[in-house]
Amino acid sequence: MAELIRGSAIAHRILEKTKKQIVDMNQPPGLVAILVGNDKASHLYVDLKERAAKEVGIYFEKLVFPADVKQDVIIEAIEELNTRKDIHGILVQLPLPNQDADAVIAALHPDKDIDGFHQISQERLTDDRPGLVPPVALAVMRLIQATNQSLKEKHAVVVSNNPIFAEPILKLMHAIGMGGNYVAPDAGAFEAKLRVADILVVAVGRPGFITKSLLKEGVIIIDVGTNKTDDGGLVGDCDADVREIAGFKSAVPGGVGPLTVAYLMNNVVKAKLMQERQV
């Protein structure tokens, strides 16, 4: 039976460290969350981020737009936030209901892009230049390292709907001597590609998508999926039976989610320090 990897305790330590950094600052960092539409999950996620920000001492604002807001209105708001000296981080809660997310993200100043989604943020990571690493990628790596297993030369497979999600994770893996590749959920020879994985990261938004029949014995599974059940609970993208064959599996909930929020808060602090060095 797989050992569960829990992220909550690690997240608490990161938040405490971030809080101490902020106490020593002359001015607290500022964060603005942009929320579009009435999606309940998006509102919940922003509420969690607001709670974490206030817990560590980050100044927090929330801009809420209706679902039918014109894209240019959001971009204008972002351009104004880019110029504000008291705001060091901006996040756009995805998905957007009717707007082009790529165009909206592109309007962010890369030094305020605390989600690490901007093209320049991605290029900085690829080129090993200072920048903001996507919090979810940091969370995935921290959970893998929490297994205390030897990772050098291990092969990882990242299954997600978009290769952009996989790229920063694979970059961090390669940096510590791991191999790995991206596999689309509808890829040909899907089973064969998964069965070679020593480490599997899955984020497709489909409950029960990964079953034990697809996996090798002892695999480490990081389940990024968060899917609501009929009774209001949360499950990942893996079937419950994967624990029969896996060596380790991240908890859902309580795995990737809390750590991602913690690293997001840490990125706000990093963003402030980056911006101050450029003055």
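Which of SER213, SER150, SER42 comes first, and how do the rest follow, when ranked by fewest Cβ neighbours within 10 Å?
Working: SER213 12, SER150 8, SER42 18.
If I rank by nearby Cβ atoms, fewest first, I get SER150, SER213, SER42.
Take the alpha carbon atoms of region 248-278, find their center, do the same for region 47-121, and report the distance between the two centers in whole angstrom.
16 Å
With charges set only on the Cβ (+1 for Lys and Arg, -1 for Asp and Glu), what does the dipole of the chain come to about its Cα centre, in debye to the nearest 20?
On the way: 31 positive and 36 negative charges, 190 e Å.
Around 920 debye, computed over the chain.
What is region 26-111 by shape, rounded, prolate or oblate, if you read a ≥ b ≥ c off the alpha carbon gyration tensor as root eigenvalues and call it rounded for a/c under 1.5, prolate for a/b larger than b/c, and oblate otherwise?
Details: a/c = 2.37, a/b = 1.27, b/c = 1.87.
Oblate, since a/c reaches 1.5 and b/c is not below a/b.
Fewest Cβ neighbours within 10 Å first, please rank MET274, MET173 accordingly. Show your work: numbers first, answer last.
Working: MET274 17, MET173 25.
Neighbour counts put them in this order, fewest first: MET274, MET173.
Could you list LEU4, LEU31 so that the one with the fewest beta carbons within 10 Å of its beta carbon is first and the one with the most is last? Before the final figure, lay out each step's value.
Numbers: LEU4 13, LEU31 27.
Going from least to most buried by this count: LEU4, LEU31.
Report the number of Lys pairs in region 1-124 whose alpha-carbons are under 17 Å apart, with separation of 8 or more residues or on distinct chains.
Pairs that pass both the separation and distance tests number 13.
Quick one: compute the contact order of region 26-111, relative version, from alpha carbon pairs under 8 angstrom and 6+ residues apart, as a percent.
Details: 112 pairs, mean separation 35.5, N = 86.
For region 26-111, the relative contact order is 41 percent.
What does the charge count near PRO97 come to, summing +1 for each Lys or Arg and -1 for each Asp or Glu among other residues with Cβ under 12 Å from its Cβ?
Details: positive: none; negative: ASP39, ASP68, ASP100.
The answer is -3.
Hey, if you put +1 on the Cβ of every Lys and Arg and -1 on every Asp and Glu Cβ in the chain, which of LEU151, LEU48, VAL73 ends up farthest toward the positive end of that dipole?
LEU151
Run the simple label-point estimate for LEU273 and ASN26 please: 7 Å along Cα→C-beta, distance reported in nm.
The answer from the label model is 1.7 nm.
If you take every residue apart from THR126 with its C-beta less than 13 Å away from the C-beta of THR126, what net charge results, scoring Lys and Arg +1 and Asp and Glu -1?
Values: positive: ARG124, ARG129, LYS171; negative: GLU123, ASP127, ASP128, GLU167.
With Lys, Arg at +1 and Asp, Glu at -1, the neighbours total -1.
Enumerate lysine pairs in region 135-257 that are 8 or more residues apart or on different chains, then count those whose Cα atoms are under 25 Å apart.
Lysine pairs satisfying the spacing and distance rule in region 135-257 number 20.
Defining a contact as two alpha carbons under 8 Å apart and six or more residues distant in sequence, what relative contact order in percent does region 1-154 show?
Values: 178 pairs, mean separation 32.9, N = 154.
Answer for region 1-154 is 21 percent.
Taking K and R as +1 and D and E as -1, what net charge do the other residues with C-beta under 13 Å from the C-beta of THR147 add up to? Display every interim value, and only then the final one.
Working: positive: ARG6, ARG142, LYS154, LYS249; negative: GLU3, ASP198.
That works out to +2.
So how tilted is helix 135-145 from the main axis of the chain? Cα-based, degrees 0 to 90, rounded to 10.
Between helix and principal axis, roughly 40 degrees.
Based on Cβ point charges of +1 for Lys and Arg and -1 for Asp and Glu, what charge dipole magnitude is obtained for region 26-111 about its Cα centre, in debye rounded to the nearest 20? Kindly include the intermediate steps, with their values, before the conclusion.
Details: 8 positive and 14 negative charges, 69 e Å.
Here the size comes out at about 340 debye.
I need to check one value: relative contact order of region 107-181, counting alpha carbon pairs closer than 8 Å and at least 6 residues apart, in percent. Mind showing how you got there, number by number?
Details: 80 pairs, mean separation 20.0, N = 75.
In percent, rounded to a whole number, it is 27.
Each reported figure results from applying straightforward, stated rules to the coordinates on display, with no laboratory input. As the structure is a computational prediction, the values presented were derived from the model and not from experiment. Every residue, glycine as well, gets a Cβ built from its backbone with ideal geometry; the counts of neighbours run over all protein chains shown.
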